[in-house]
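Engineer: Quick one: the structure is below, and I'll ask about it shortly.
The values are calculated or read from the model by the stated rules, or taken from the named source; none is laboratory data. Computed from a prediction, not measured in an experiment: that's the story for all the values here. Cβ atoms come from the backbone with ideal geometry, glycine included; neighbour counts cover every protein chain shown.
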Amino acid sequence: MKRIRIQSINTLTILCLFFMTTSSVAQNLSINFENGNVSLVDYDDGGTGTIVDNPRAMSTNLSSKVAKIVRGTGTLLEDNDAWAGSKMTLENKLNFEALKCITMKIYTTAPVGTKLTLKLENGSGPSEQEDVFTRASGTWHTLTWDFSGTPPDYNEIVFMFDRDRVGDGSENSTFYFDDIRHVAKKIQFQIDLPVTFDESRFDYTTTDFGGNESSLVNDPEDENNKVIKVVKPRGAASWAGTTIGTEDGFVNNIPLTTSNSIMTVRVWAERAGIPVMLKVENSNNATQNCETVTNTNSRGWQLMSFDFSNERTGTQSLEVGLANGSTFNKASLFFNYGRDGNQGTYYFDDVTFVN
């Protein structure tokens, strides 16, 4: 290690860190940064960790305080390491026998797919690390690091965001994180059509982009029914959308053909005349896609039909795509498509392929 810079939070922390120059204030999981007694220790050079006000409070994270790491803050370019970051020390060693995973909420504008590494250390000897990749940009989302089989030897968590690349101090090199939890491994299955959002054995993670904010909630008109709520806030892009599931999409391809080209989605909207686009694509090849738009016809719940033989103007037709070997295993909804966000609220449920 080249040098250590300690970011202090309050007077008590300063006193503690004065006598513990290479350690952060001891903490147990879970950690939410609200109580003012958590600090981060920077390691190597080129990264600065602090506790700050939440830059984007939203339904997926309403905390007032969060942690922040900015990469690429070294005085000299050669000082900025590709593995620079910050760490914290816990009171007790982490035991992964029953609780095998660490979860954490992340907010960054870095591109989807940015690598985030958690490394476990104990001040000396070996270490363990796991990588995950962001599923969203410009919104809070929860990620899980699976440390199954890790021995109970570690009481330090090192945050290495966008590891292996040198930061530049920009927004895309800035990472906010919150609500660090030590949790049991949750075994859930990848979703497939039809999607109802009502079965606990499936992973109903949704993936937002363009500024959308989505969450799994109770139906506003039926508390026994689970649905996805989508908020398109002010400032969200005209193309803001929500992928139904993770970036991996569905287990099986959507069996679209020129003669079977319809999918339906049950949608709740605030009024009639709102354009809603459904886009299908190949999760491994985004150039294989098809888009179609239809309008809401009332306020409240309605069954919307999306016919991919009626593609959006200026986009590739389903017929041409299929003729060129396109397959589709991923679907995304775009509410009030083509218009900037204006704090609109929508719900959707029962995503179905019509055979």
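Engineer: Identify, please: which residue in the stretch 201-234 is over 25 Å from Phe133 (Cβ atoms) and polar (S, T, N, Q) and is, among those, surrounded by the fewest Cβ atoms within 10 Å (Cβ to Cβ)?
Structural biologist: Asn224
Engineer: Can you name the number of the only condition in (1) assigned by TED's automatic domain parsing to the domain that holds Val52; (2) touching a Gly at 6+ places or on another chain (Cβ under 8 Å) that Asp179 fails?
Structural biologist: Tallying (1) assigned by TED's automatic domain parsing to the domain that holds Val52; (2) touching a Gly at 6+ places or on another chain (Cβ under 8 Å), Asp179 fails exactly one: (2).
Engineer: Another one. Keeping to the stretch 294-321, report how many residues are among the acidic types (Asp, Glu) and surrounded by fewer than 18 Cβ atoms within 10 Å (Cβ to Cβ).
Structural biologist: So the answer is 2.
Engineer: I've got another one for you. Please note which strands (runs of 3 or more DSSP E) are completely contained in the stretch 114-169 and include at least 3 residues that are in contact with a Ser or Thr (Cβ under 7 Å, 6 or more places away or on another chain), at pLDDT 90 or above and at negative phi.
Structural biologist: Because the criterion is at least 3 residues that are in contact with a Ser or Thr (Cβ under 7 Å, 6 or more places away or on another chain), at pLDDT 90 or above and at negative phi, the strands (runs of 3 or more DSSP E) in the stretch 114-169 that meet it are 115-121, 128-133, 156-161.
Engineer: Quickly run through the stretch 229-260 and pick out the residues that are among the hydrophobic types (A, V, I, L, M, F, W, C) and assigned to a loop (DSSP other than H, G, I, E, B).
Structural biologist: Residues satisfying the conditions are Ala236, Ala237, Trp239, Ala240, Ile244, Phe250, Val251, Ile254, Leu256.
Engineer: If you don't mind, there's one more thing I want to ask. Would you point out which residue out of Gly338, Gly344 is in contact (Cβ under 8 Å) with a residue 60 or more places away in the chain and closer than 14 Å to Thr242 by Cβ?
Structural biologist: Unique residue meeting the criteria: Gly344.
Engineer: Restricting to the stretch 236-283, name every residue that is aliphatic (A, V, I, L, M), free of Cβ contacts under 8 Å to residues at least 60 places away in the same chain and over 21 Å from Asp208 (Cβ atoms).
Structural biologist: Ala272
Engineer: Just to verify a result, which residue in the stretch 47-71, among those that are hydroxyl-bearing (Ser, Thr, Tyr) and touching a Ser or Thr at 6+ places or on another chain (Cβ under 7 Å), is surrounded by the most Cβ atoms within 10 Å (Cβ to Cβ)?
Structural biologist: In this case the residue turns out to be Thr48.
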